[in-house]
Amino acid sequence: MDKNIPIDQNMIEYIFSHSERLHPIQKKILKYNESLGHIKRLQISILQANFLQFLIKVNKFKSCLEIGTFTGYSSLSMALSLPKNGKIYSIDKDIKTNKIASNFLKQANVYNKFSIETNNAIYALKKLLKNKKKFDLIFIDADKESYIE
């Protein structure tokens, strides 16, 4: 039987008290994104990042596909939870934010876990499908208008 668990302030405080502290570069990305104005909404929340990290660690995932890199907060969050040989394949069509994300990932010393492709998600996914590429976790956070495809 499914049960709904309300996410209230008590639950949020519990989650944060049992989560790892933010990495210095995660904090740097959050601060940078605050300066972006309305577009900062493209970043996932700290709570969502904690959930991704939890999923990766509990399931011992080694490979992730991320659609929508933005400035790299979710990428870094996942990378920090992957084992040393873990890999993230990230797709985003915005060359500017991909460069920003790459810079942050280099600062955090996790860039070796990444392959970032600047492309439309549908085209990149078709290429991955053709190559029969598989991932332990797929995080879709972009190209919402094409979700059905």
message = Looking only at segment 70-105, filter to residues that are hydrophobic (A, V, I, L, M, F, W, C) and open to solvent by 40 Å² or more (accessible area, probe 1.4 Å); which one of those is nearest to the chain's Cα centre (by Cα)?
response = L80
message = Would you confirm, using the coordinates I've provided, whether S81 is under 14 Å from F139 (Cα atoms), at pLDDT 95 or above, small (G, A, S) and touching a Leu at 6+ places or on another chain (Cβ under 9 Å)?
response = no
remark   = Log entry, pairs with first residue in segment 107-129 being farther than 18 Å from S74 by Cα, second being surrounded by fewer than 16 Cβ atoms within 10 Å (Cβ to Cβ), beta carbons closer than 6 Å, six or more apart or on different chains, reads I122/S146; I122/E149
task = Evaluate the following for F61: is it on the phi < 0 side of the Ramachandran plot, in a loop (DSSP other than H, G, I, E, B) and in contact with a Leu (Cβ under 6 Å, 6 or more places away or on another chain)?
result = yes
query = In segment 45-69, what residues are touching a residue at least 40 places away in the same chain (Cβ under 8 Å) and surrounded by 17 or more Cβ atoms within 10 Å (Cβ to Cβ)?
reply = L52, I56, F61, S63, C64, L65, E66, I67, G68, T69
key: Residue in segment 116-140 that is farthest from K57 (Cα to Cα), counting only those that are open to solvent by less than 50 Å² (accessible area, probe 1.4 Å) and touching an Asp or Glu at 6+ places or on another chain (Cβ under 7 Å)   = I122
Condition met for E34 (among the acidic types (D, E) and either surrounded by fewer than 15 Cβ atoms within 10 Å (Cβ to Cβ) or more than 12 Å from the chain's Cα centre (by Cα) (or both)) = yes
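The values are calculated or read from the model by the stated rules, or taken from the named source; none is laboratory data. This structure is a prediction, so every number in the text was calculated from the model and none was measured. Cβ coordinates were reconstructed from backbone atoms using ideal geometry, including for glycine residues, and neighbour counts include every protein chain displayed. For the accessible areas, the whole protein counts, side chains as well, though only heavy atoms, and no ligand, DNA or RNA atoms are used. Shrake-Rupley method; radii C 1.70, N 1.55, O 1.52, S 1.80 Å.
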